[in-house]
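Below: the structure, in structure tokens.
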Amino acid sequence: MPTFAIAFPVIDPVALQLGPISVKWYGLAYVVGLLGGWWYARRLVSSEPLWAGRARPKADELDDMLLFVALGVVLGGRLGFVLFYDLARYLARPQDILAIWQGGMSFHGGLIGATLGLWLFARRRGYPALAVFDIAAAVVPIGLFLGRIANFINAELWGRPAPDVPWAMVFPGGGPLPRHPSQLYEAFSEGLLLFILLALLVRAGGLKRPGLVAGVFGMGYAVARIVCEFFREPDPQLGFLFGTSVDALSGGITMGMLLSLPLFAAGLVLVLRARRGAA
């Protein structure tokens, strides 16, 4: 029998019901995250001292940028989940690829899609791509925080068994054992902590160095995700890619860890480039 267990605070996954239309917390997290990021981005681009003359989109142009990002996140997130996490299923049932309401989104796929959307926006408007990437990177943790909170409300993506951890919870559908609330770990590290780190970097002049904020985001998210993966239950259709232990030295590598490695490398390249003062 587990020593500790906290009852999961069951919350209706439907945030708002309007007749036949239901608004779920997960969808609401996407909308509020995008709008919150849009609002914060407008404040950033409107502050001339943060940029020291660097070219960047005007505040009223961020409406179009939001559209590019939203499309990239949804399309990339869905295709990323299909390709990275459950390819066999969708090859057998390709009609389910568009059934987003059934769940299944990948952050790394969404990031690739959003990056492509941002690049297209920058190219179309004639702005340096790194300036656009820096703006987006500073605001992304807002959506990450809200998304992981929505995962917790939906009682999905729960953590690994932790019967002796005082704050462990018994999740609906997760079996009788108390588990790490890994969604909250990710909300704190990938969302709140990373947002504070990037905000401090911005205030310290990070936006004056092209690619620095985007690079720190990439490295910071990769580290936070890899650490949190040690507490998160691997996706059941994949399990561990290598090994079976939670100890990285003994295997136990998950898809989330693997996908975060090139993100860390790309972030490191951007940081080194920014430190050299490359334009």
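The values are calculated or read from the model by the stated rules, or taken from the named source; none is laboratory data. Here the structure is a predicted model, which means the values were calculated and not measured. With ideal geometry, Cβ positions are generated from the backbone for all residues, glycine too; neighbour counts draw on all protein chains shown. Surface accessibility is based on the protein's heavy atoms, side chains included, excluding ligands, DNA and RNA. Shrake-Rupley method; radii C 1.70, N 1.55, O 1.52, S 1.80 Å.
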Solvent-accessible surface ranking, highest first, for TRP158, TRP25, TRP51 at 1.4 angstrom: TRP25, TRP158, TRP51
Chain lengthening between VAL10 and VAL170 when straightened (0.36 nm per residue, less Cα-Cα): 56.5 nm
Highest-MSF residue in the chain out of LEU71, LEU91, LEU177 [GNM, Cα springs under 10 Å]: LEU91
Highest-MSF residue in the chain out of GLY36, GLY175, GLY113 [GNM, Cα springs under 10 Å]: GLY175
Accessible area of LYS208 in the full protein assembly, 1.4 Å probe (Å², nearest 10): 100 Å²
Helix 194-203 axis, angle to the chain major axis (alpha carbon atoms, nearest 10°): 10 degrees
In Hz, Karplus ³J(HN,Hα) per residue of the range 252-261 (6.51, -1.76, 1.60; θ = phi - 60°; x = Gly, Pro): x, 7, 9, 4, x, 5, 4, 5, 7, 5
Simple label model, 7 Å out from Cα along Cβ direction - LEU67 to ARG203, nm: 3.5 nm
In range of the label at SER47: residues from the range 217-236 whose backbone nitrogen is under 18 Å from the point 7 Å along Cα→Cβ: 217
Helix axis angle, 107-125 relative to the chain longest principal axis, alpha carbon, degrees: 20 degrees
Nonlocal amide H pairs with LEU241, under 5 Å, H built at 1.01 Å: ILE253, THR254, MET255
Gain upon complete extension [LEU116, ASP60; 0.36 nm per residue less C-alpha separation]: 18.1 nm
From the coordinates shown, Rg and Dmax of the Cα atoms in Å corresponds to which of [x] 19.5, 63; [y] 17.2, 50; [z] 17.7, 58: [x]
GLU156 versus VAL269: modelled label distance in nm, points set 7 Å from Cα along the beta carbon direction: 3.2 nm
Spin-label pair GLN95/VAL227, simplified geometry with 7 Å Cα→Cβ offset, distance in nm: 4.6 nm
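So what is the calculated 222 nm ellipticity per residue for the chain, using -39500 (n - 2.57) for each DSSP H run with n of 4 or more, over all residues, to the nearest 500 deg cm²/dmol?
Values: 9 runs with 149 residues, N = 279.
Counting only the DSSP helices, I get -18000 deg cm²/dmol.
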Helix axis angle, 129-153 relative to the chain longest principal axis, alpha carbon, degrees: 20 degrees
Accessible area (Å², 1.4 Å probe, nearest 10) - TRP167: 140 Å²
Most mobile listed residue (GLY126, GLY33, GLY267) in the chain, GNM with C-alpha springs under 10 Å: GLY126
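Heavy atoms only, 1.4 Å probe, whole protein assembly: order ILE135, ILE11, ILE112, ILE253 by accessible area, highest first.
Working: ILE135 0, ILE11 70, ILE112 105, ILE253 45 Å².
Largest accessible area first, the list is ILE112, ILE11, ILE253, ILE135.
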Summed residue charge, Cβ within 15 Å of PRO172's Cβ, Lys/Arg positive, Asp/Glu negative: -2
